[in-house]
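First up is the structure itself, then whatever we jot down about it.
The values are calculated or read from the model by the stated rules, or taken from the named source; none is laboratory data. Model, not experiment: these values are computed from the prediction. In this analysis, Cβ positions are derived from the backbone assuming ideal geometry, glycine residues included, and neighbour counts consider all displayed protein chains. Just so you know, the surface numbers come from the protein's heavy atoms only, side chains and all, with ligands and any DNA or RNA stripped out. Shrake-Rupley method; radii C 1.70, N 1.55, O 1.52, S 1.80 Å.
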Amino acid sequence: MTTPWNHRYAQRMHNMGSSLLRELLKLTQDSEIISFAGGLPAPEVFPVDAFREASCKVLQEQGQRALQYGASEGYFPLRQWIVEHMAHYGIRAKVENILITSGSQQALDLIGKVMINPGDLILTESPTYLGALQAWRSYQAEFTSIPVDEDGVRTDLLEEALCSGPKFMYILPNFQNPAGVTLSLERRKFLVDIADIYGIPIIEDDPYGELRYEGDNVTPLVVLDAQKHIQQTDNGNEQGFLRGNVIYISTFSKTLAPGLRLAWIVAPADVINHCVIAKQGMDLHSSTFVQMTAYELIKDGFLRDHVRHIREVYGYRRDIMLDALERYFPEGATWTKPKGGLFLWVTLPEGVDTMTLMPKALENKVAYVPGSAFYAADGLPNTFRLNFSNASPDQIEIGIKRLGEVIEQELARHTTDRLVIAG
Ligand SMILES: Cc1ncc(COP(=O)(O)O)c(C=O)c1O
């Protein structure tokens, strides 16, 4: 549509994503539609009462401070808590290595602002998190990508991609959004080694690591990288981390609530300082009140028990979805079997386009996100992402049945078309 504003928009807005998809996703808001499209947590697990208590306490005891401007780096006690929290995963950091951000989406945007010049090449997984592509497209990044399989990003294809000289690699090691796959330890080690050899930093985005429903945690890239540097410098402890080649990002969005907009970056102090300067230009700092309330809530161990509860709820929903897929999806459809996180990834037979199938799914009152949204360039049109955390178990059963019918009809139509052409 032409408006008087059209010629005023910056060039960076020119390639900011498909509006067709955005229009389709708007339709998923209809309350009759069972939507597996969003990446939404289940609202039933939000700790509303605990937040009410924590926020009252903060206002009663430190109200003036909570409503005042704060430090751009974030609320100091919360940063200290994150240092201890990260240590449970083997990530050694000091407070100066932590920056609180307004969601990990802001962390990605900050990294873009600090690192990306127009035309810089970023190496991503394929498919990858749509929000990262969106954030970095606005800094006029170019993308090169490597496919993922059941063990995460195909590191056997990495060396060739690194030769093209990317500014950094963007890796989602745990229960990847959108594919739900987890990077194996062997591949993690290889990735960290080769990144070091080529001098290409890694952005490790880990919003789902804590939401594991089976199996053991796999060592984060940032830890493997730190161990490597400790070995190299041979003088132990924090030295290893501070010289690190990995920036780690995580969030409270999936473990507490996304509406808080609270996340963090762990990085060498120099990187944090650059991000702080960039953040000052964006929002000065993340909400003091929200940071203080979150800290009040989690400081005495609340999160551990709460995450245990979330794992049970989501693990159960994942099982219900996997079971329903087995029963209702036609032969020829395959899907990943995630050990955690919020998503799984479906591949239909070649020739099916899930973008053109979407209006039919919406007519049948069910929604997903077509796979093409998650590719920096041309992707596999016969794929889509399903979220299993937001819909109730009953809705999952009904929604997957509806979707199975839509797919079955589509496959039947393809077969008929082929017969007509052959005839
Ligand atoms: C891989 C990944 N990174 C970042 C985000 C952004 O999360 P938030 O900004 O809520 O922390 C998401 C949200 O779904 C995600 O899946």
Original post:
Taking the alpha-carbon centroid of each part, what is the distance from segment 350-423 to segment 254-327 in angstrom?
Top reply: 31 Å
Original post:
Between W335 and residues 5 or more places away or on another chain, which pairs have amide H atoms under 5 Å apart, with H built 1.01 Å from N, and which residues are they?
Top reply: T347
Subject >> Calculated diffusion of segment 281-354, Stokes-Einstein form, Kirkwood radius summed over Cα pairs, 10 °C and 1.306 mPa s, µm²/s >> reply: 98 µm²/s
Subject >> Total formal charge among the other residues, if their Cβ is under 14 angstrom from that of S286, Lys/Arg +1 and Asp/Glu -1 >> reply: 0
Original post:
Which cross-chain or sequence-distant (5 or more) residues have an amide H under 5 Å from the amide H of V366, H modelled 1.01 Å from N in plane?
Top reply: I34
**OP:** Would you mind checking which residues have amide H under 5 Å from G152's amide H? H placed 1.01 Å from N; only 5 or more apart, or other chain.
**Re:** T182
Subject >> Where T144, T255 fall by accessible area, highest first, once all protein chains stay in place (1.4 Å) >> reply: T144, T255
Original post:
In nm, to one decimal, how far is the T3 label point from the K365 one, both placed 7 Å along Cα→Cβ?
Top reply: 3.5 nm
**OP:** Kindly report, to the nearest 10 Å², the accessible surface of D319 as traced by a 1.4 Å probe over protein heavy atoms only.
**Re:** 70 Å²
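Could you compute how fast segment 29-162 diffuses translationally, taking Rh as the Kirkwood radius over C-alpha pairs and applying Stokes-Einstein at 4 °C with viscosity 1.567 mPa s? Give it in µm² per second.
On the way: Rh = 19.0 Å.
Reported coefficient: 68 µm²/s.
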Subject >> Radius ratio Rg over Rh of segment 116-264, counting only Cα atoms, Kirkwood formula for Rh >> reply: 0.96
Subject >> Whole-Hz couplings from phi, Karplus 6.51/-1.76/1.60, listed for segment 206-222; x for Gly and Pro >> reply: 10, x, 10, x, 7, 9, 9, 9, 7, x, 9, 4, 9, 4, x, 4, 5
Original post:
For segment 255-322, max minus min Cα coordinate along each principal axis, in Å, sorted largest first?
Top reply: 46, 29, 22
**OP:** Tabulate in residue order the Karplus-calculated ³J(HN,Hα) for segment 41-57, using 6.51 cos²θ - 1.76 cosθ + 1.60 with θ = phi - 60°, rounded to whole Hz; enter x for Gly and Pro.
**Re:** x, 6, x, 4, 8, 5, x, 4, 5, 4, 5, 4, 4, 5, 5, 5, 4
Original post:
Top to bottom by accessible area (1.4 Å), largest first, where do D120, D49 land?
Top reply: D49, D120
Original post:
When the Kirkwood radius is taken over all Cα pairs of segment 242-378, what Stokes-Einstein diffusion coefficient follows at 20 °C and 1.002 mPa s, in µm²/s?
Top reply: 112 µm²/s
**OP:** Considering only DSSP beta bridges where both residues belong to the chain, give the percentage that are antiparallel (nearest 5).
**Re:** 55 percent
Original post:
Carbon and sulfur atoms: what percent of the 1.4 Å accessible area of the chain do they account for?
Top reply: 51 percent
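Consider all pairwise Cα distances in the chain and report the whole-number % of them above 39 Å. Mind showing how you got there, number by number?
On the way: 18723 of 89253 pairs.
The answer is 21 percent, as a whole percent.
Ignoring the sites themselves, what is the longest stretch of the chain with no chymotrypsin sites (Phe, Trp or Tyr not before Pro) in a DSSP loop and at most 13 other beta-carbon atoms within 10 Å? Please list the in-between numbers first.
On the way: sites that count: W5, Y9, Y69.
Value returned for the longest uninterrupted segment is 70-423.
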Original post:
Taking 1 over the mean of 1/r across every pair of different Cα atoms in segment 358-403, what Kirkwood radius in Å do you get?
Top reply: 11.6 Å
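Provide, as a two-decimal number, the C-alpha radius of gyration of segment 54-103 over 2.2 N^0.38 Å, N being how many residues it has. Intermediate values should be presented prior to the final figure.
Values: Rg = 12.9 Å, N = 50, 2.2 N^0.38 = 9.7 Å.
Cα Rg divided by the expected 2.2 N^0.38 Å: 1.32.
I need the GluC sites (Glu not before Pro) found in segment 86-174, filtered to DSSP loop residues with at most 16 other beta carbons within 10 Å of theirs.
Details: sites: E96, E125, E142, E150, E159, E160; in loops: E150.
In loop regions of segment 86-174 (DSSP not H, G, I, E or B), the sparsely surrounded GluC sites (Glu not before Pro) are E150.
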Subject >> Backbone HN-Hα couplings from phi across segment 279-293 [Karplus 6.51/-1.76/1.60, Hz, Gly and Pro as x] >> reply: 5, 4, x, 8, 8, 6, 6, 6, 3, 4, 4, 5, 5, 5, 5
